[in-house]
Each structure stands twice: as C-alpha cells, then as structure tokens.
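Below is one structure, written out as structure tokens, with a few remarks after it.
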Amino acid sequence: MTLRVSEILLATIQREGERAYPGECCGVLAGQPGEIKEVRRLLPVVNRRADDPHRYLIAPEDLQRVETEIRQDRLEVLGFYHSHPDHPAAPSAFDAEHAWPWYSYLIVRVDRGRAVEATSWQLAGDRSAMLPESLDVFNEV
C-alpha cells in the first residue's frame with residue numbers, strides 16, 4: 001500500500017510537530033481510499049495524553065467529531081499522524097500496540113525542535129508487526 005501526500009500537507013504536519021516539541025502532535029489523515037491512499041485533508045486534534053507528553057491520544061469524541069466533519073466532504077479516515085520528538089520516525093512498541101490494521105500511521109521525527117524525517121507504517125493484518133508503507137510525497141501544482 002502507498003500513502004500519497006502533498007508537500008504542502010506534509011510541511012503542515014512537520015510544523016505541527018515542531019510547535020508541539022518536546023511533546024507529540026497528532027491528527028487524522030483524510031482522503032479517498034483505494035490502491036493508493038491519497039491524503040486530501042489533515043485534521044489536527046489535541047493530544048489528550050496528559051500523563052506522558054511523549055505519547056499521543058486521540059480521544060473518542062475528537063475522532064467522532066472528525067469523522068462527522070469529513071463525511072460532509074465525502075472523505076474517509078485513511079489513518080493518523082503524530083510526531084516523535086528526538087526519536088526515530090518508526091513506530092514504538094506503544095504505537096504498535098494501539099494501532100489498527102489497514103490504517104496508515106505517518107510519523108514525523110522532530111530532532112531538537114526541527115522536523116527531519118517522515119515515514120508511513122501499517123499494522124499487519126495479523127497484528128504481528130508494523131510494516132513500512134511507501135510514502136509518496138508530491139508537489140501540488
């Protein structure tokens with residue numbers, strides 16, 4: 001599977017990660033599902049994880065609000081994004097434990113307040129591992 005995102009939307013996620021540093025930013029990736037998941041819209045949400053700034057939590061009511069909002073535009077949740085402050089852009093054990101199959105998980109690495117890398121991941125159908133997903137970043141003209 002491939003996650004396709006414009007340079008503009010990726011830059012927005014990177015800025016969010018930089019603003020949230022040293023905590024994690026988080027949000028929803030919305031678009032049209034298909035063989036290639038193309039992100040059409042980002043929906044930032046408040047990181048509700050108050051006890052640990054190096055984890056993120058999207059509250060059920062926030063996800064419900066986002067789903068209602070994107071349905072009006074005939075979009076669907078393709079996945080989620082979050083930042084990893086001073087850690088690799090790879091899923092942690094915590095991320096893998098809380099992931100759902102099919103969804104894309106875009107992770108932005110933020111080192112010392114600067115976004116430096118972005119990767120995308122998908123949980124295997126049998127929940128055994130997070131698998132790298134192709135990230136196609138394109139220039140929207």
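So that you can scan it fast, the table gives a plain yes or no per residue for (1) over 13 Å from the mean Cα position of the chain (by Cα); (2) not polar (S, T, N, Q):
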{"site": "66", "(1), (2)": "yes, yes"}
{"site": "70", "(1), (2)": "yes, yes"}
{"site": "80", "(1), (2)": "no, yes"}
{"site": "83", "(1), (2)": "no, no"}
{"site": "86", "(1), (2)": "yes, yes"}
{"site": "103", "(1), (2)": "no, yes"}
{"site": "112", "(1), (2)": "yes, yes"}
The lone condition residue 43 fails out of (1) under 15 Å from residue 106 (Cα atoms); (2) without any contact (Cβ under 8 Å) to a residue 40 or more places away in the chain; (3) assigned to a loop (DSSP other than H, G, I, E, B) is (3)
Flagged pairs (Cβ under 6 angstrom, 6 or more apart or on separate chains; first in the range 88-104, in contact (Cβ under 8 Å) with a residue 12 or more places away in the chain and within 16 Å of residue 57 (Cβ to Cβ); second surrounded by fewer than 16 Cβ atoms within 10 Å (Cβ to Cβ) and small (Gly, Ala, Ser)) are none
Return the residues of the range 54-87 that are part of a helix (DSSP H, G or I) and either touching a Cys at 6+ places or on another chain (Cβ under 7 Å) or in contact (Cβ under 8 Å) with a residue 12 or more places away in the chain (or both); say none if nothing qualifies. 62, 63, 66, 69, 70
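Values quoted throughout were computed directly from the atomic coordinates according to the rules given, and no laboratory measurement underlies them. Everything quoted here is computed from the prediction, not taken from an experiment. Note: ideal-geometry Cβ built from the backbone for every residue, glycine included; neighbour counts use all protein chains shown.
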